[in-house]
Structures are given as C-alpha cells and as structure tokens.
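Asks: Here it is, the structure in full.
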Amino acid sequence: MHIRIPGRRVGRFARRLMRACRGAVATEFAMAMPVIMLIVLGGSEIARYALLHQKLARAAVTMADLVSQAEEISEADIAQLFSAVDPVMSPFRMGADGIVILSSVTASGGDPAQVAWQRSGGGTFATANSGLGPEGGAASLPAGFVVRDGETAIVAEVFYSFAPLFTAGLIPVSTLYQRALFRPRFGSLAAVAP
C-alpha cells in the first residue's frame, strides 16, 4: 500500500495558519494597548503625586526646622531660608504653583495663642491663605497642639497647585497642603528683627 503525503498542501496550510495567528495576536495587542497605556500613565501619575506629597512634607519640615534653630531671625534670614525651598522640592518647581508660609505663634498673659508674625515666599502661588489665621490674629492650632504662656511655636505651611500631566481633564487641579510645627530651640523668635 502506498501512502501519498501532500507536501505542498500541508506547507500552504501551515503558512496560512501562521498568518492567521499573527493577525489574531495583532488584534489582541490592539485591544489590550489602551488598557496597558492607562495602567502605565496612571501608575506614573500616582507615583508623581506620591513623590510630590513627600517633597511638600520635606519642605515644610525643613523650613520649620531651619527657623526654629535660630536664636533670633531677621527679614534677610527669612529671605535666605526661602531660597532653600527649590532645592528641597526638586524636581518640582515652586514658582507660580507653590508657596511657603512661615508663622510664629506665641501666647502670653493668659490670652489664647496669637500669630506673632507671618512671612510667605519660596513661590508666588496667590490663592494660599495660612490655616493658622492672619498675622496679629488668634491662632487656629491643630487639635492637641498647645502653646502655653511664654511659649512660641514655629509653623511652616507649604501649598502646591497639583495639575496632572497625563490625565488632565480627568483629574481636577487640586491644592496640596503640608504643615510642620517646631518649638524654637535657642530663642523665643516672637519677633522678626529688621
């Protein structure tokens, strides 16, 4: 008995089958690509948001710590300290998107704590207002934080207008906020020297 194997037909059939598989893979890839892009871009946006929060917290702590280390502080000292914000915030730039507000909160004579002085700088974000209140007014301190008679607290507040890079239009622009509170180490810092 003689068996004949159709070699050409099998070869053609195998090539057609391979082309069909390539088309299926290309179709599956085209269907999966938007989902993959959403995951990649969303993940990078989340990472950028988390990094920005860390940088804001670091900037608030750094500014409050640097001020609290001084025995006394002048306007020139404060201006110089504001120049340290951009290196701390790198790769983010404060510019028109951010601002730092430094405040000194004191209490004396049994009166409630008041904002003794307040300065802003490091950026030009115009819509930020201190959560403590205005200079000379009663201080709105966080729950559990007390400034007793004769004590002073240095508060650094950092505001940043976060605008998503990849998901603009899907996620709204929001103002991020971080705050750090320190007690002065060497002086009262209840006033700014000229």
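Asks: Full-extension gain between Ala126 and Ser83, please, as 0.36 nm times their residue separation minus the C-alpha to C-alpha distance.
Replies: 13.7 nm
Asks: Quick one: which of 27-40, 58-71, 138-151 comes out on top by average Cβ neighbours within 10 Å, and what's the full order, highest first?
Replies: 58-71, 138-151, 27-40
Asks: Where the convex hull is taken over the Cα atoms of the chain, what is its projected area averaged over directions, in nm²?
Replies: 19.0
Asks: Normalised by the number of residues in the chain, what is the relative contact order in percent for Cα pairs under 8 Å and 6+ residues apart?
Replies: 26
Asks: Under a point spin-label approximation (7 Å from Cα along Cα-to-Cβ), what is the Met37-Ala138 distance to one decimal in nm?
Replies: Placing both labels 7 Å along Cα→Cβ, they lie 5.5 nm apart.
Asks: Can you figure out the FRET efficiency of Ala191 with Ser44, using R₀ = 35 Å and their beta-carbon distance, to the nearest 0.05?
Replies: The calculated FRET efficiency here is 0.15.
Read-outs: derived from the displayed coordinates by stated rules, not from any lab. For clarity, every value in this text was computed on a predicted model and none was experimentally measured. Glycine gets a Cβ as well: all are built from the backbone with ideal geometry, and neighbour counts include every protein chain shown.
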